[in-house]
1. What is the residue count in segment 44-58 for residues that are touching a strand residue (DSSP E or B) at 6+ places or on another chain (Cβ under 9 Å), surrounded by 15 or more Cβ atoms within 10 Å (Cβ to Cβ) and not β-branched (V, I, T)?
2. Can you tell me which residue is nearest to the ligand (Cβ to nearest atom) among those in segment 8-36 that are aromatic (F, W, Y) and within 24 Å of A72 (Cα to Cα)?
3. Which one of the conditions (1) in contact (Cβ under 8 Å) with a residue 40 or more places away in the chain; (2) outside any helix (DSSP H, G or I) does I213 fail to meet, given that it meets all the rest?
4. With respect to the numbered conditions (1) closer than 24 Å to P294 by Cα; (2) assigned to a loop (DSSP other than H, G, I, E, B), which one is the sole condition not fulfilled by I190?
5. Show the residue pairs meeting these rules: Cβ distance below 8 Å; 6+ apart or different chains; first residue within segment 147-158 and within 11 Å of the ligand (Cβ to nearest atom); second residue basic (K, R).
6. Return a yes/no flag: does segment 125-135 have any residue that is over 20 Å from R266 (Cα atoms), crowded, with 19+ Cβ neighbours inside 10 Å, within 11 Å of the ligand (Cβ to nearest atom) and under 19 Å from the mean Cα position of the chain (by Cα).
7. Would you mention how many residues in segment 1-60 are assigned to a helix (DSSP H, G or I) and closer than 19 Å to D239 by Cα?
Amino acid sequence: MTKHILLTGGAGFIGSHTYAALVDAGYAVTILDNFENARHDVPDRLSQITGKAVPVIEADIRDQDAIKSAFATNDFDAVVHFAALKSVPDSEADPIGYYNSNCTGLINIVDAMQASGVKNIVFSSSAAVYGSASQMPLTETSPCLPDSCYGSTKLFGEEFLARVTKAHPDVKTGILRYFNPVGAHPSGLIGEDPSQPPGNLVPVIARVARGEIEALSIFGGDYDTPDGTCIRDYIHVLDLARGHVLSLDALLNQKESHLVNLGTGRGNSVREVLNTYSEVINREIPNRIVDRRPGDPPVSYAATDRASEVLGFEAKHGLRDMCESNWKFSGDK
Ligand SMILES: NC(=O)c1ccc[n+]([C@@H]2O[C@H](COP(=O)([O-])OP(=O)(O)OC[C@H]3O[C@@H](n4cnc5c(N)ncnc54)[C@H](O)[C@@H]3O)[C@@H](O)[C@H]2O)c1
């Protein structure tokens, strides 16, 4: 029988791509989103991609009654929980707001799952839980010492879910620590298009390329890396979306709970990303080196062995593909 999945934050960047991947894999999916950081036309665009109507519940995960009612009026088999706030600097300025959305919101979801007998949840965690660890690659057993309030809310989510599974062993969790998602759907219909000012590198590059921002600020050009700029593990959002399908398949096939990194195992510098994007659009992208940001580790990339062993996951797309698909989506905005 077709399994019905609740996809919180499903109108957002990673959520919308995961929606398309889940429908493609044969799941029935309902999006729950308050559209705080997503455009209202995303469900229509997803409907063009999938050829099906897109069920949407417009609700806020902080609203306990609305969440209870969503579970009471639907028969969900599992939850994929994306809905959260994700800006590191904003989280430093507004810890109460971030703990409310990312922690209280998660508690509300899990509480409603318990009340309705839903046992499976895939949770969006982040490489931010590792903080500025220096030992590379980052394995799932590397120390978790988040530098930011955002990273702390994600670590809270992981620890909370571990407590829940300890108390209720029939609850199964897939905790996925993403590295740096980039890219867009090949249709060009969905991509990273936040309604709030972007904080991630590639959407800012796209806005500079479109002439909306004067120049890309590169935070630090004197790190101990080959070109002096920070190195990160960029993963195509299509690979990430497929990782969620694999995680959900595993939980619904009665496999054990799991906690895995989703990355490529490779690092690219900010300068390399900028140069690749420049090649794709065939022109220079204005940029300038500014001060380092406090807490930015020089290098960060994932160990991918566990994702491969537990989920059979391997990233397939490269950096050029990430930049090309991003530009196809955002170039003519
Ligand atoms: N993009 C990244 O770099 C990255 C990296 C690691 C982890 N993550 C995590 O992945 C998840 C998805 O990230 P994304 O990049 O797609 O972000 P996004 O902002 O594009 O998507 C989040 C979605 O959640 C919705 N939302 C936010 N607060 C809500 C609330 N209170 N109630 C209901 N909906 C709410 C937003 O409107 C948005 O559609 C988040 O949990 C994020 O922390 C993202």
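1. Number of matching residues: 2.
2. Pass one, segment 8-36, residues aromatic (F, W, Y): 13, 19, 27, 35.
With within 24 Å of A72 (Cα to Cα) added as a condition, the list becomes 19, 27, 35.
On the way: Y19: 11, Y27: 18, F35: 5 Å.
Looking at the filtered set, the residue picked out is F35.
3. The failed condition is (1).
4. For I190, the exception is condition (1).
5. Qualifying pairs under 8 Å: Y150/K86.
6. The first filter runs over segment 125-135 and keeps only residues over 20 Å from R266 (Cα atoms), leaving none.
No, that holds for no residue.
7. Residues that pass the stated criteria total 15.
One line per residue, one yes/no per condition, for (1) closer than 21 Å to T165 by Cα; (2) touching a Ser or Thr at 6+ places or on another chain (Cβ under 7 Å):
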position: G221; (1), (2): no, yes
position: T225; (1), (2): no, yes
position: R232; (1), (2): no, yes
position: D239; (1), (2): no, no
position: L251; (1), (2): yes, no
position: S257; (1), (2): yes, yes
position: V260; (1), (2): yes, no
position: G263; (1), (2): no, yes
position: V270; (1), (2): no, yes
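Every number here is computed from the coordinates shown, using simple stated rules; none is lab data. It should be emphasised that the depicted structure is a prediction, and the values quoted were computed from it without experimental measurement. Don't worry about glycine lacking a Cβ; one is built from the backbone with ideal geometry, like all the others, and counts go over all protein chains shown.
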